[in-house]
Amino acid sequence: MGKKISVYDFLYVDATRIRSLISQLHASGVPIDLEETNKVEGELSGSGDVAGKIGVGDWKLLEANAEGSGKLSGSLETKRRFDVQYTLPMSLLRLLTDQDIINREPREWRFGTIALFTGQVHLADISSVHGSWDAILEAGSGLEGSALVEAKALLGNMPPSVHGIFHKNSAKVWCNLLRENWVTPPSGITLSHGSHVAGDWSVLGTVDALASENVDKDYQPPVSGALYDVFRKVADGLREMMGRPDGCFGLSPLLVFRQVTRKS
């Protein structure tokens with residue numbers, strides 16, 4: 001038996017950003033497909049009665065039955081084309097590992113670090129309740145009057161999204177998982193697991209917020225004006241209400257995956 005290879009179950013794949021990174025790490029860019037060619041040649045010869053065949057497996061190339069003497073020869077060429085799009089996640093992991101770019105230690109992370117984090121994961125599939133914000137806010141938000149009206153208008157116009165929090169020990173990582181990059185529909189995961197997806201999962205992504213970067217309520221923007229002031233309050237309110245929690249790293253995710261368990 002040959003060497004066993006690691007097999008992974010990919011839950012989320014941002015193919016566009018993966019191609020961008022591979023094109024920088026591989027001199028020839030990103031492959032579109034792969035072609036493999038196999039050629040087999042054979043020969044039949046002899047005197048008297050000649051009988052036999054040339055072939056590979058179930059492929060019969062040449063079969064002969066003859067009297068006398070002589071030689072028969074032939075060749076068989078087969079071509080197979082492979083779709084490489086499904087190899088891109090593994091290609092990226094190998095290239096980043098070879099270049100020693102991946103950082104697995106949260107205490108060493110900085111803005112722009114390509115980080116790999118493994119732990120438990122909680123998902124919030126906000127898209128699954130996107131059409132029910134009015135009922136949710138009325139039942140459990142504690143808001144009243146104009147504040148309730150404003151919250152309904154604001155959340156009702158937010159694009160559907162899925163948020164994930166990965167955690168292990170004291171380290172926590174938050175990320176926004178774009179719906180179009182899911183390999184498995186998040187609605188099915190929510191129905192199967194609820195908010196906590198069992199097992200250990202890994203997330204690979206770019207660090208865009210540090211755990212120590214909390215909401216600065218005293219921050220003064222470089223420009224002022226009625227529109228900027230309103231937007232700043234709305235943006236800060238959205239983050240506090242449904243965005244990255246304080247104490248969490250922020251990651252722009254490339255991959256979410258787990259290693260396939262082999263039979264014991």
>> Of everything in the range 154-189, what is in a strand (DSSP E or B) and not β-branched (Val, Ile, Thr)? Give them in sequence order.
In response: His163, Gly164, Phe166, His167, Lys168, Ala171, Lys172, Trp174, Cys175, Asn176, Leu177, Trp182
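Table: residues versus (1) of a type in the set (Gly, Ala, Ser); (2) touching a helix residue (DSSP H, G or I) at 6+ places or on another chain (Cβ under 7 Å); (3) modelled with pLDDT under 80.
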site	(1), (2), (3)
Ile54	no, no, yes
Leu62	no, no, yes
Lys79	no, no, yes
Val84	no, no, yes
Asp100	no, no, no
Arg107	no, no, no
Gly112	yes, no, no
Gln120	no, no, no
> Can you pull out the residues in the range 88-107 that are assigned to a helix (DSSP H, G or I) and surrounded by 11 or more Cβ atoms within 10 Å (Cβ to Cβ)?
Replying inline: Leu88, Pro89, Met90, Ser91, Leu92, Leu93, Arg94, Leu95, Leu96, Thr97, Pro106
> Within the range 139-149, which residues are exposed (fewer than 13 other Cβ atoms within 10 Å of the Cβ), of a type outside the set (S, T, N, Q) and modelled with pLDDT of 70 or more?
Replying inline: Ala139, Glu144, Gly145, Ala147, Val149
>> Considering only residues that are modelled with pLDDT under 75 and open to solvent by 70 Å² or more (accessible area, probe 1.4 Å), which ones fall in the range 1-36?
In response: Met1, Lys3, Pro31, Ile32, Leu34, Glu35
>> Return the residues of the range 179-195 that are more than 15 Å from Ser128 (Cβ to Cβ) and either polar (S, T, N, Q) or open to solvent by less than 80 Å² (accessible area, probe 1.4 Å) (or both); say none if nothing qualifies.
In response: Asn181
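The values are calculated or read from the model by the stated rules, or taken from the named source; none is laboratory data. Please read these numbers as outputs of a predicted model, since none were measured by experiment. When we count neighbours, we look across all protein chains shown, and the Cβ atoms used for this are built from the backbone with ideal geometry, even at glycine. Please note that ligands, DNA and RNA were not included when accessible areas were found on the heavy atoms of the full protein model with its side chains. Shrake-Rupley method; radii C 1.70, N 1.55, O 1.52, S 1.80 Å.
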